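Taken together, the values in this text are just the output of simple stated rules run on the coordinates, not laboratory data. For clarity, every value in this text was computed on a predicted model and none was experimentally measured. Ideal geometry is used to build each Cβ from the backbone, glycine not excepted, and the neighbour counts take in all protein chains shown.
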Amino acid sequence: MQFKGTVHRYGRDVDTDVIIPARYLTTSDPAELAKHCLVDLDPTFVDKVKPGDIIVAEENFGCGSSREHAPIAIKAAGIDCVIAKSFARIFYRNSINIGLPIMECPEAVDAIKDGDTVSVDADAGTIVDETTGQTFTAHPFPPFIREIIEAGGLINRTKAKFAEKAQA
């Protein structure tokens, strides 16, 4: 899996209440959630994000309430990958479950600036800041996580596995 996009940079402890505020949780429609993604942290985010962009953040990204709406909003807004120093564990799992690629790489986070162009090879665990030419190494996705992400999430992967078994 490869991604390339413009970086939107954020700090530490970006919680799920900031990613998608509770007042917008009256729907689970991804397109509607995307309209309000990060609105309380960065009111211009939805206007400037383009499909394929990448979020880079400090420690503990996705902390707070356990809501799958947060990674859904990020993915639906057009973000292809999130790179952070660390993720809240429940956000990490929710992201994988809905098919949002996330990678931990503190060295990359320390070096990458807002607006840089970054390419990611998730299979190799390589992150390249194309603006500066710096290359960083993260852990590549294990095969089972790659399968989930490539299928578009755990539910899609499970449906595909059941369909395979039904045909066998």
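Structure notes:
- Over the chain, the Kirkwood radius and the radius of gyration, each from Cα atoms, give a ratio Rg/Rh of 0.97.
- Per-residue ellipticity at 222 nm computed for the chain from its helices equals -9500 deg cm²/dmol, with DSSP H segments shorter than 4 residues left out and the rest contributing -39,500 (n - 2.57).
- A simple packing score, the average count of other Cβ atoms within 10 Å per residue, orders the peptides 6-14, 87-95 as 87-95, 6-14, with the highest score first.
- Summed residue charge, Cβ within 14 Å of residue 165's Cβ, Lys/Arg positive, Asp/Glu negative: +2
- Each residue of region 37-44 was assigned a 3J(HN,Hα) from its phi angle through the Karplus curve 6.51 cos²θ - 1.76 cosθ + 1.60 (θ = phi - 60°); the sequence is 4, 6, 4, 7, 8, 9, x, 8 Hz, with glycine and proline shown as x.
- In plain terms, the C-alpha convex hull of region 120-162 casts an average shadow of 3.3 nm² when viewed from every direction.
- 3J(HN,Hα) along region 67-80: 10, 5, 4, 5, x, 4, 4, 4, 5, 5, 6, x, 6, 8 Hz, from the Karplus curve 6.51 cos²θ - 1.76 cosθ + 1.60 with θ = phi - 60°, whole Hz, x for Gly and Pro.
- Rounded to 5, the percent of DSSP beta bridges in the chain classed as antiparallel: 50 percent
- In this structure, the amide hydrogen of residue 81, modeled 1.01 Å from its nitrogen in the peptide plane, lies closer than 5 angstrom to those of 55, counting only residues at least 5 positions away or on a different chain.
- Order of 103, 1 - criterion: other Cβ atoms within 10 Å of each residue's Cβ, fewest first: 1, 103
- Net +/- balance of residues flanking residue 65 in space, Cβ distance below 9 Å, scoring K and R +1, D and E -1: -1
- Simple label model, 7 Å out from Cα along Cβ direction - residue 147 to residue 41, nm: 3.2 nm
- When peptides 73-79, 158-164 are ranked by their average number of other Cβ atoms within 10 Å per residue, the highest-first order is 73-79, 158-164.
- A cut-off of 5 Å between modelled amide H atoms, ignoring neighbours fewer than 5 places along the same chain, links residue 134 with 129.
- Under the Karplus curve 6.51 cos²θ - 1.76 cosθ + 1.60, θ = phi - 60°, whole-Hz ³J(HN,Hα) for region 135-152, x wherever Gly or Pro sits: 10, 10, 10, 10, 6, x, 5, x, x, 5, 6, 4, 4, 5, 5, 4, 7, x
- Taking each residue as 0.36 nm, the span from residue 50 to residue 24 lengthens on full extension beyond its C-alpha to C-alpha distance by 7.2 nm.
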